[in-house]
Amino acid sequence: MKFYIVTPSYNALQWLQGCVRSVADQVCEGVQVHHHIQDGASIDGTVEWLQKWQNEHANTEGYQLSFESAPDKGLYDAINIGWKKMPADADITAHLNADEQYLPDVLSTVSDVMGKSTEVDMLLTSHFILDKDNRYICHRRPQFPNRTVSRVITQIITNDCFHRASSFRKHNITFDCSYKSMADLIFFRDILATNPRILRMPNLFGSAFVVTGTNVSWSDITVFERQRIYKQLPLVLRKLRPLFVKGTGILGVLMDLFYSAPKVFSIYVADSTERVTCTIHHPTHRWKMRSQGD
């Protein structure tokens, strides 16, 4: 299987290095990877580092890194630009933000499953949430996406989602760049409206997401855009939102009871060139910042 992974970046070299390394080490028998970085004209050394990495891995079999550094209209515009560059021979595509990493061998598993389940349009995995020091906070598993609920709540997390390239091209759904934070909700709402065939893999931890403190999801922009979306909804959906939110939380807890708790995760930290394996002492679905490195 040939993967095409898009990563948007802007002055995020501190996190981008781990992201790039986590994609590059996925290459193995049966897995080819083209990783494209769409950078927004960073001035933190990103371009220089990417050029050096590209040169060093120019002859790596099964792996290709491409990048472009140019002004854009934000995160979602960068992803759209990157996806427009997807090669015709890509089998599976996804987008991974600069502050996210793939976990070991996830692309191999996704390749195997989607290769055998040819009817599947999207595959969803689980993920870890880490603090800015790469300490475990909690983990989340993919839930059952619902067309109605998805109009109110973002049910699919981007770093957990793998698209079959043929289906992705067919519908040609892109991010609405008029949103700076909540475009994920609109994106997956529109995808779910096409009735994709979705396979969930709650026992497969595919990625790690770092709460850097600068994530746009925790900004005032998110509050404003959420209200903008809700004003467009029918009154009944606005009234039902609290119930949907509570139900989603309860479902997450119940789901976690049916699957084995994760014990370790392996990621790149700082400028390390090898993965570091970390032990999870208190696995939990609850999002609670921790003061200890567990």
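The values are calculated or read from the model by the stated rules, or taken from the named source; none is laboratory data. Just so it is clear, the structure is predicted and the values come from calculations on it, not from any experiment. Every residue, glycine among them, receives a Cβ derived from its backbone with ideal geometry; neighbour counts consider all protein chains shown. Areas reflect the complete protein model, heavy atoms only, side chains present, ligands, DNA and RNA absent. Shrake-Rupley method; radii C 1.70, N 1.55, O 1.52, S 1.80 Å.
Suppose R0 equals 51 Å; then what is the FRET efficiency for residue 29 and residue 132 from their Cβ-Cβ distance, rounded to the nearest 0.05?
The value I calculate is 0.90.
Identify which of 53, 83, 15 has the largest mean-square fluctuation in a Gaussian network model of the chain, with springs joining Cα atoms closer than 10 Å.
53
Residues with beta-carbon under 14 Å from that of residue 38, excluding residue 38: net charge, scoring Lys, Arg +1 and Asp, Glu -1?
Value of the local net charge: -1.
Among all lysine pairs in the chain that are eight or more places apart or on different chains, how many have alpha carbons less than 16 angstrom apart?
Count of close lysine pairs: 8.
Work out from phi, with θ = phi - 60° and the Karplus expression 6.51 cos²θ - 1.76 cosθ + 1.60, the ³J(HN,Hα) of each residue of region 41-52, listed in order in whole Hz, and give x for Gly and Pro.
6, 5, 10, 9, x, 4, 4, 5, 5, 5, 5, 5
Any idea what the dipole of the chain comes to, in debye rounded to 20, about its Cα centre with Lys/Arg Cβ at +1 and Asp/Glu Cβ at -1?
Roughly 1640 debye for the chain.
Where Lys and Arg each count +1 and Asp and Glu each count -1, what net charge lies around residue 159 among other residues with Cβ under 11 Å from its Cβ?
Charge balance in the 11 Å sphere: -3.
For n ≥ 4 DSSP H runs only, could you compute -39500 (n - 2.57) per run for the chain, divide by its residues and tell me the 222 nm figure to the nearest 500?
Result for the chain, helices only: -10000 deg cm²/dmol.
Could you work out the local net charge near residue 54, counting Lys and Arg as +1, Asp and Glu as -1, over the other residues with Cβ closer than 14 Å to its Cβ?
Result for the neighbourhood of residue 54: -2.
Across region 86-103, in residue order, what do the Karplus-derived ³J(HN,Hα) couplings come to in whole Hz, using 6.51 cos²θ - 1.76 cosθ + 1.60 with θ = phi - 60° and x for Gly and Pro?
4, x, 5, 8, 5, 9, 9, 9, 7, 10, 10, 5, 5, 9, 10, 9, 7, 8
Given points 7 Å out from each Cα along the Cα-Cβ axis, report the residue 261 to residue 195 separation in nanometres with one decimal.
In this crude spin-label approximation the distance works out to 4.2 nm.
Take every DSSP beta bridge whose two residues both sit in region 1-145, then give the antiparallel share in percent to the nearest 5.
Of all bridge pairs located within region 1-145, approximately 20 percent are antiparallel.
For the chain, modelled as a GNM with alpha-carbon contacts under 10 angstrom, which of 120, 210, 276 fluctuates the most?
276
Residue-wise, which Karplus ³J(HN,Hα) couplings in Hz belong to region 273-280, taking 6.51 cos²θ - 1.76 cosθ + 1.60, θ = phi - 60°, and x for glycine or proline?
Using θ = phi - 60°, the values come out as 9, 10, 5, 10, 8, 10, 8, 9 Hz.
What do you get for trypsin sites (Lys or Arg not before Pro) in region 79-124 restricted to DSSP loop and a cutoff of at most 13 other Cβ within 10 Å of the site's Cβ?
Sites meeting the loop and neighbour criteria: 85.
May I ask you to list the residues of region 123-141 whose amide nitrogen lies under 18 Å from a point 7 Å from Cα along the Cα→beta-carbon direction of residue 171?
Inside the label zone: 123-125.
Over the chain, with the other protein chains present, what is the accessible area per residue in square angstrom, probe 1.4 angstrom?
Heavy-atom SASA per residue in the chain reads 48 Å².
Work out how much length residue 248 to residue 84 would gain on full extension: take 0.36 nm times their residue separation and subtract the Cα-Cα distance, in nm to one decimal.
55.7 nm
What distance in nm separates the two pseudo spin-label positions at residue 117 and residue 280, each 7 Å out from Cα along the beta-carbon direction?
2.0 nm
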